[in-house]
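Let me begin by presenting the structure, written as structure tokens, before commenting on it.
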Amino acid sequence: MAMLLKLFYKKPPEGLFDVCERIYVFDSCFRIKTWEQEEYNTYVGKIISKFKKTYPKSSEMVFNFREGDTASKIHQLLLPYHITIIDYPQNYEGCPLLSMEVINHFLKSSENWLSLGQHNVLLMHSELGGWPVLAFMSAALLLYRKHHTSANKALEKVYKQAPPDVLSRLMSPLNSLASQLRYLQYVLKRNDVEQWPPADKPLTLVCVMMRMVPDFDGKGGCCPVFRIYGRDPSLDLDKTPKLLFSTPRCSKNTPYYNQAEMELIKIDINFRIQGDVVLECINLHDDMSKQEIMYQAMFNTSFIKSYTLLLNRDEIDVSWDIKDQFPEDFKAELLFSERKPPPLPPPPPKSEDWPPPPAKKLMPLHWLKLNKVGQGSLWAEAEKSSEAARAPEIDMVELETLFLASEKPNSPNKPKTVQVIGHRRALSCEIMMSKVKTPLPELMEQVLNLDDSAMDVEQVETLIKFCPTKEEMELLNNYKGEHEMLGKCEQFFLELMKVPRAEEKLVVFSYKLQFNEEVSELRHNLEAVYLSVEQASYSYLSLQLCSYSIRSSVKLRRVMETILSLGNALNQGTTEGAAVGFKLDSLLKLNETCERSNKMTLMHCLCKVLADKLPELLDFSKELGSLENASKIQLKLLAEQMQGITKGLTKVAQEKKLCKKDGDVSKHFRKSLKTFLASAEPDVKELAQLYSGRGITADSLITYFGEDPAEYPYELVIDTLLKFVRMFNQAHDENCKQIEGEKKAAQIAAEQDRLDADESKTTAQRLPYLHWFKLYSVQKGSLWAEAEKSGEAARVPEINRSELETIFSALKPRFKEANKPEKIQLIDDCRAYCCEFMLSKVKTPLPELMEHVLNWDDSAMAVDEVDNLIKLCPTKEEMEIIKNYTGDFKILGKCEQFFLELMKVPRAEAKLIVFSFTLQFSTKLSELRFNVDVVYLSVVQASSSYLSLQLCSYSVTIRLDKFLLFYGWLYQIRSSVKLRRVMQTILSLGNALNQGTTRGAAVGFRLDSLLKLNRTRASNSKMTLMHYLCKVLADKLPELLDFSKELGSLEPASKIQLKLLAEQIQGIAIGLTKVHQEKKACKKDGHVSENFRKSLESFFASAEPDMVELAQLYSGVGKTADALIIYFGEDPCKCRYEKVLEALLWFVRMFYQAHDENCKQLESEKKAAQKEVEHEKSKAVEQER
């Protein structure tokens, strides 16, 4: 594989070096001096131009690492190339790293861009001083894309790209490799956790302890001061890192520590931190004015385990030349604790407005509660709104009546169980246990005894799923109460924890239960492969599936020789004649070669020849008995099965070794494993030997048919042979039915034979060609080499040339014109037929068509017509054939004449592609602009002040005439006051239902919670919370019932996918690049392309500004979509824009459905009440009578 990579390696243009496939870095990151503007312009332009020439189909995205917020030079230079640029900072508070949030954005953006298409390329650029962070991010991307599994090797690979003579000057003053490796380990943990990166975890840094005092004053001591940099946890929206904490640095409060006096330093911090943190330790000199950095460390609180971070001398960032000032056994130990919850606020004062707490328990609304309000979100806007926008008062009496929870009677003597494990996990575990009738101790005893008869594979696999994790075992070990008080799930886990490595033992037990079946199945499949290829000897009869196989089939070889003779007879006198063999795919073409009346194919003719002269070969398929079974086998699946069995056996061996340390608990289990290994290892070894030979066996079959194993897989050989056998048998059956029909019409057949005999006396007729893949030489060991060695019995039957001419002679015209010459055909029949069929639909002569194209006449041709012409443009091979023709061009066929006309125009196909693009450009651009505008208008308020130049607060300017198209959508999601008041009403309802629980006292809720309104049902199950919401609004705030009218763009916006928008923009940009390239190429064509070139220039001049404007418009779409997501309190990294619109659209539909049902219910109740009144009146009248 390494040799192949070297062979096909394409060196990137000068000025770039490749990190890995499709990821390149500008070598300007190695520069240590600032650029002159003109020099820098030349450098970037030269690199991009060469890159476009080397990779003409590529689409580029640039990641730029810059200092500060000012626009970089590269932005302006890459704007004409329509390349997207994303900026990232160069450091995090002086450390050449970035926060986990930014790292995650970088990795996901890279992966998404590269996965959009094989031609997408990533270019990385850094400004002066940005090499260290660029190297780190490149290494992180290598780990994320699984090009490396070692953080050290990934970082080392990137750093090796830098020239050794300038590497030291590129690095930062501190050696930050330790922190970089720590963060690369965080990237490697993405597969070990459910959520990556995990949510920022608030912790309190209690203290820092240093073991062995470093020497920073030349006397064996130091005067340390600690500083903490990071983002302030109390400011949710401000993520800017800053100095958060510093220990005192005055002479009285800063102690001095000496190696001779102490080995341990403890400095109390007691400061709350969260997320990415830089801890800096500086040393103060005697005068307390001079200072120097002793060491630095950057870490993330979410990855702190056991509330401790231990750093040795190699795990801290120090200056490049002071490492010796730290003792070898130096350690810095950071101790943390959980953040203490703030004290609860005092209860609200009692008043008439405050709803009294419900006397009875209500059904909970299982929403996703928000504890904090993000700035700019819906909930923050709701708090600022006036009193008129407040939610209506909730009628708690009515709420209790409708949503009263059913209470189960509690047994007074039954103690409450303690639940340590999560609710969902415990519930799933208890459901599983309810299906298992055998007590768990007995189950584990059966496992330890490896009792196959007691449990099946499915039961064991279920037990494996519910083995406790390390965290769950830790929770149970830390539980100090009585074990009898624990729940069923906890009791189950405790029972499993009595057995050392219970999960591993269950996995081994499951493997043992499936071992015999898997080995037998794999052996059966391997034998099927073998028997489909090799001769089955007598010693192999006990395991055979058939008596003969493909390579040993003499009948198959003789059938193939007969086909070769037929093909050579048909192709006599052509370049495809005199073949020594043919490719296997040619077998399927026997059904495509038909005689004049299209009633008989060459397959029927083959069956007829064999039936007449070699009837013993008609049952050749009986010698291929294993062919059907072999066709169901995939070699790749066999490899996976073999690998699974081998890995499983390795686990068994490992568990046997570990069982020695378990004592008596695993004694019987170890003995059973030993017995099992003794019998299983020989079977697996034999199976491995059997498997190792099957690759060679499969290759030998492919080679036998003259194919290349590297290009023609074994499965395709079997599939082709199976199709051929079925087609052969079907043709033979049809021949037999035809013979029966001919016997019944003997007289008619005799008359027809006489006519055919008269016609055969004429001169030899041209036969249709068999378009096979001819072999020019015979490969040793192939079927054709074996055929040459065979004796007289293997000779093919003599081909009756007259019969062949009678059946397969080319269709003759009913009459001939004496002066009309015969047309000459150079192009393949099928290709020529398709071309002539298309030309029959085009009424305009071809010279006029090409004149329309060159004159840019878009009214003369439709897009479909141009695309059809593109499909039928001649290939290089076809143009070469026509150029080499030296005869009279007038007698060529219609297809050849069409190709000749196209060849008069230089690069006709490229011109047609460009013409097709220009015909569709306006439509595509309008559609894309419409979709982008819809995304904006679904988010941003469209008030009159926005119509002038700007759309919301984003830096994307939209022309007034385009924006006025959407003037009807004046009130959108973020500006909808009615929607905000409806959401506040839902919040009040949810807090009323969840009062007194952890779900209560919410300041907002996640958008998914809207979908749960239809699932929360009243006690009578006839009304949901959605119906009750509609009822409350209809009674108290009826003006909010039409809130959806303010969401006019919601429906069209929900149909738009941001990913598709990106692909559309990319397609238009690539098309415009082709237009530009063709415009340049037309200069060399002369007078032929002059009009075309001028039209291209005119089109490009008008299209390029539109494309630049659209690219700028799209560049803000991501921020706009994120603004909508944040508005609803969601995280843009976890919640997609499409999901937000989908949830809102579903909510609107369900709301009005519930409202309609409420109205119908009210009408029916009114009718029932009227009937009741009328009934009472009639009763009163009767009583009066």
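For the condition of a type in the set (Lys, Arg), out of contact with any Gly (no Cβ under 9 Å at 6 or more places or on another chain), at pLDDT 80 or above and open to solvent by 40 Å² or more (accessible area, probe 1.4 Å), what is the one hit in Arg670, Arg726?
Just a single option satisfies the conditions, and that option is Arg726.
Do you know which residues across region 1007-1024 are open to solvent by less than 80 Å² (accessible area, probe 1.4 Å) and either under 12 Å from Met983 (Cβ atoms) or at pLDDT 75 or above (or both)?
Answer for region 1007-1024, where residues must be open to solvent by less than 80 Å² (accessible area, probe 1.4 Å) and either under 12 Å from Met983 (Cβ atoms) or at pLDDT 75 or above (or both): Leu1007, Asp1008, Ser1009, Leu1010, Leu1011, Lys1012, Leu1013, Asn1014, Thr1016, Ala1018, Met1023, Thr1024.
Would it be correct to say that Leu1096 is over 19 Å from Gln76 (Cβ atoms), among the aliphatic types (A, V, I, L, M), part of a helix (DSSP H, G or I) and out of contact with any Gly (no Cβ under 9 Å at 6 or more places or on another chain)?
So Leu1096 passes the test.
Have a look at Ser411, Ser453 and point out the one that is out of contact with any Leu (no Cβ under 8 Å at 6 or more places or on another chain), modelled with pLDDT under 75, open to solvent by 70 Å² or more (accessible area, probe 1.4 Å) and among the polar types (S, T, N, Q).
Result of the check over Ser411, Ser453: Ser453.
So in region 879-927, with the set limited to residues that are open to solvent by less than 50 Å² (accessible area, probe 1.4 Å) and within 34 Å of the chain's Cα centre (by Cα), which one is nearest to Asp829 (Cα to Cα)?
Step by step, filter region 879-927, then rank; the result is Ala910.
Quickly run through region 1034-1051 and pick out the residues that are open to solvent by 30 Å² or more (accessible area, probe 1.4 Å), assigned to a helix (DSSP H, G or I) and modelled with pLDDT under 85.
Selection gives Ser1044, Lys1045, Glu1046, Glu1051.
Can you tell me which residue is farthest from Ser126 (Cα to Cα) among those in region 89-111 that are open to solvent by 10 Å² or more (accessible area, probe 1.4 Å) and assigned to a strand (DSSP E or B)?
Going through the qualifying residues, I end up with Tyr92.
Do we have Asp864 as open to solvent by 90 Å² or more (accessible area, probe 1.4 Å) and closer than 23 Å to Gln920 by Cα here?
Here the answer is yes, as Asp864 does meet what is asked.
Just the residues that are assigned to a loop (DSSP other than H, G, I, E, B) and at pLDDT below 85, please, taken from region 171-195.
Met171, Ser172, Pro173, Asp192, Val193, Glu194, Gln195
Just to be sure before I move on: is Ser302 small (Gly, Ala, Ser), open to solvent by 10 Å² or more (accessible area, probe 1.4 Å) and in a strand (DSSP E or B) in the structure I sent?
no
Select from region 1077-1103 the residues that are under 23 Å from His119 (Cβ atoms) and open to solvent by 60 Å² or more (accessible area, probe 1.4 Å) and write down the one among them that is nearest to the chain's Cα centre (by Cα). Quick ask: steps written out before the conclusion?
Of all residues in region 1077-1103, those under 23 Å from His119 (Cβ atoms) come to 1077-1081, 1100, 1103.
Adding the requirement that they be open to solvent by 60 Å² or more (accessible area, probe 1.4 Å) leaves 1077, 1080.
Working: Gln1077: 33, Lys1080: 38 Å.
Looking at the filtered set, the residue picked out is Gln1077.
For region 19-62: of the residues being within 36 Å of the chain's Cα centre (by Cα) and of a type in the set (Asp, Glu), which is surrounded by the fewest Cβ atoms within 10 Å (Cβ to Cβ)?
Across region 19-62, the extreme among qualifying residues is Glu21.
Going through Ser138, Ser168 one at a time, which residue ends up being at pLDDT 85 or above, outside any loop (DSSP other than H, G, I, E, B) and hydroxyl-bearing (Ser, Thr, Tyr)? Walk me through how you get there before you give the answer.
Details: Ser168 fails: at pLDDT 85 or above.
Selected residue: Ser138, the only one of Ser138, Ser168 that is at pLDDT 85 or above, outside any loop (DSSP other than H, G, I, E, B) and hydroxyl-bearing (Ser, Thr, Tyr).
The values are calculated or read from the model by the stated rules, or taken from the named source; none is laboratory data. In this text the structure is predicted, and so the values were computed from the model without any measurement. Ideal geometry is used to build each Cβ from the backbone, glycine not excepted, and the neighbour counts take in all protein chains shown. Ligands, DNA and RNA are stripped out before the accessible areas are found, and what is left, the full protein with its side chains, is counted by its heavy atoms. Shrake-Rupley method; radii C 1.70, N 1.55, O 1.52, S 1.80 Å.
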